[in-house]
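Working notes, beginning with the structure itself.
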Amino acid sequence: MSKDGDAFAQWLDEAGIPQSKRTAHQLAVLKAAFAFLQQAGSDYASRRLVAHFLLNCQLNVKLAQVARLVGMTRPTTSRHNKLSSREVVREIQHQLAGRPYGKLLPRYAGPVAHFLVTHADASRADVLDFIENTWNIRVSRTALHNFLKKYGLDRESLQQATGNEPPHPATDEQTLLEVLQEPPISGLPVPQVPEDFFLATRNTPVPSCCSHKL
């Protein structure tokens, strides 16, 4: 028992929790977390569960202290702090299965845009299901919102881009190509192509010094 008590005190010291600020309530919860890690081990899933619990049980422990308690970096623990319990379980499953978790790559923007165009009434849940079925990952709604906003695929950006810009006037070349592609009506002359459509012809009467010799 004395060895367990010394190990628990050392665990708190390494996390940077001062003895003067260790309340009885904190010690009770932290002892339970320490016993859980001792029993379950220091695997990824156990540490993630303990970190999520300590960050959301109103223990009045700083995020950096929780990161040191479970052996994770502060940026990683900060990102985990924004997830729900359901999302934490999914990330653990993805990590154990060797799959990426919650990371939307830039190359996903094209397929997601095509899905939104072909499914105009799709909800956020539908987009999340499409991402999971296509790339076998599951992301949070916040990550999806930031991804869509980054590439201008959110509803606000799409609404601003729809119907606000006047149609571009057709150029002379486009009009000419449309005329040439249409079959001529029987009995009517073929429309004449304007002279400026073709490239200018060479106006040198004799081969110049730059011409290739025959």
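The values are calculated or read from the model by the stated rules, or taken from the named source; none is laboratory data. Everything numeric in this text was worked out from a predicted model, so none of it was measured. All Cβ positions, glycine included, derive from the backbone under ideal geometry; neighbour counts span all protein chains shown.
Annotation: of all residues in the stretch 127-164 being surrounded by 13 or more Cβ atoms within 10 Å (Cβ to Cβ) and of a type in the set (Asp, Glu), the one that is farthest from Leu83 (Cα to Cα) is Asp154.
Would you check if Ser84 is within 19 Å of the chain's Cα centre (by Cα) and among the hydroxyl-bearing types (Ser, Thr, Tyr)? Yes, satisfied.
Can you tell me which residue in the stretch 87-108 is nearest to the chain's Cα centre (by Cα), limited to those that are modelled with pLDDT of 85 or more and surrounded by fewer than 13 Cβ atoms within 10 Å (Cβ to Cβ)? Steps first, please.
To start, the set of residues in the stretch 87-108 that are modelled with pLDDT of 85 or more comprises 87-89, 104-108.
This time we only want the ones that are surrounded by fewer than 13 Cβ atoms within 10 Å (Cβ to Cβ), so: 105-107.
Working: Leu105: 6, Pro106: 7, Arg107: 10 Å.
Restricting to residues being modelled with pLDDT of 85 or more and surrounded by fewer than 13 Cβ atoms within 10 Å (Cβ to Cβ), the top hit is Leu105.
Could you list, in sequence order, the residues of the stretch 42-53 that are buried (at least 20 other Cβ atoms within 10 Å of the Cβ) and within 12 Å of Val29 (Cβ to Cβ)? Residue satisfying the conditions is Val50 alone.
Okay, residues lined up against (1) under 38 Å from the mean Cα position of the chain (by Cα); (2) over 20 Å from Arg74 (Cα atoms); (3) modelled with pLDDT under 90:
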| site | (1), (2), (3) |
| --- | --- |
| Glu14 | yes, no, no |
| Arg22 | no, yes, yes |
| His25 | no, yes, no |
| Val29 | yes, yes, no |
| Ala33 | yes, no, no |
| Leu37 | yes, no, no |
| Arg48 | yes, no, no |
| Ala51 | yes, no, no |
